[in-house]
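Data block below; observations after.
The values are calculated or read from the model by the stated rules, or taken from the named source; none is laboratory data. From a predicted model like this one, the values you see are computed outputs, not experimental measurements. Don't worry about glycine lacking a Cβ; one is built from the backbone with ideal geometry, like all the others, and counts go over all protein chains shown.
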Amino acid sequence: MDLGLKDKVALVTGGSRGLGRAICLGLAAEGAKVIVHFGRNRQAAAEVVEKIQGLGTGAVSLQADLTDREAVRTVMPRAIEAFGLLDILVNNAGIWPTAWVKDMEEDQWRRTIDVNLTAPFLLCREMVKHLLQRGVGGKILNITSQAAFRGSTTGHADYAASKAGLVTFSRSLAREVARAGINVNTLAPGIVETDLIRPALEKNRQKYLDRIPLGRIATPEEVAAVAVFLVSEPASYITGATIDVSGGILMH
């Protein structure tokens, strides 16, 4: 199937590792040019850029601290400058701190909301303005989580709340911009083998496996394959949807 992604330009936040890295490489394999956003690990981002360029398409890295709203506001102009335009935005970056609500500091709550919900809002807002100004459609994909629907039982209430907010925000945005040909969807992974969750898996892998009907943890690549499809041309009639890739943790 031709996904119609050749020469499209995509910005992927949190693109230097884990699921974001897999999404970047998946887009590049289809011929898209990719802006690889990263927070701290410049070397990891450079390695992703090098791999993408090895696939015969364009790539650049872009650093920004998503806890800093002023830094977030610079991301879209810099991303557009890299290749002259943007067609695809994937809000993948997220944080997953651990604390029970009774022990959670307000700073942790604010930081989680800033990275997981406010930064996507700001980037979506500027992406929509950019597409409307160009008079073209485009694709926005926000990475949420099965925790948005199930809540957290492991000390991640702030994460679950931020991801639930992202689902409803995305649905609302999809309604606002559908007539402009802008598709907005969310992808809800379950448990994926990434750096983010690795410490928890090392501590008690079986506990997480017991939650998954398919009985295994997802690879970043198999989740990324669905993400790539959702920003492709064949997915142009999908908007306002949340697609579950959770091994059966979520079933509707």
**Report entry** Residues located in the range 172-213, provided they are polar (S, T, N, Q) and either more than 19 Å from L123 (Cβ to Cβ) or surrounded by 13 or more Cβ atoms within 10 Å (Cβ to Cβ) (or both)
**Finding:** N183, N185, T186, T194, N204, Q206
Requested in this report: Taking N142 as the residue in question, decide whether it is over 22 Å from T57 (Cβ atoms) and not in a helix (DSSP H, G or I).
Outcome: yes
Report task. Could you please give the count of residues in the range 10-37 that are under 20 Å from L117 (Cα atoms) and surrounded by fewer than 24 Cβ atoms within 10 Å (Cβ to Cβ)? Result -> 2
Report task. Among the residues of the range 201-252, count how many are within 29 Å of A32 (Cβ to Cβ) and part of a helix (DSSP H, G or I). Result -> 14
Query - Residue tally, condition farther than 16 Å from C124 by Cα and surrounded by 15 or more Cβ atoms within 10 Å (Cβ to Cβ), over the range 72-93 - result: 2
Report summary line: V136 passes all but one of the listed conditions (1) surrounded by fewer than 20 Cβ atoms within 10 Å (Cβ to Cβ); (2) of a type in the set (V, I, T); (3) part of a helix (DSSP H, G or I); (4) more than 16 Å from the chain's Cα centre (by Cα); the exception is number (3)
Query raised in the report: Does N142 satisfy the condition of being within 28 Å of V101 (Cβ to Cβ) and at pLDDT 95 or above?
Result: yes
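Residue by residue, here is whether (1) part of a helix (DSSP H, G or I); (2) among the polar types (S, T, N, Q) holds:
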residue	(1), (2)
I95	no, no
T118	yes, yes
K129	yes, no
A174	yes, no
Requested in this report: Tell me which residues, restricted to the range 64-93, are of a type in the set (D, E, K, R), part of a loop (DSSP other than H, G, I, E, B) and either farther than 22 Å from A22 by Cα or without any contact (Cβ under 8 Å) to a residue 40 or more places away in the chain (or both).
Outcome: D65, D68
Query - Test: residue in the range 94-110 that is closer than 19 Å to F169 by Cα, surrounded by 15 or more Cβ atoms within 10 Å (Cβ to Cβ) and aromatic (F, W, Y) - result: yes
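Does R69 count as crowded, with 23+ Cβ neighbours inside 10 Å and basic (K, R)?
Here the answer is no, as R69 does not meet what is asked.
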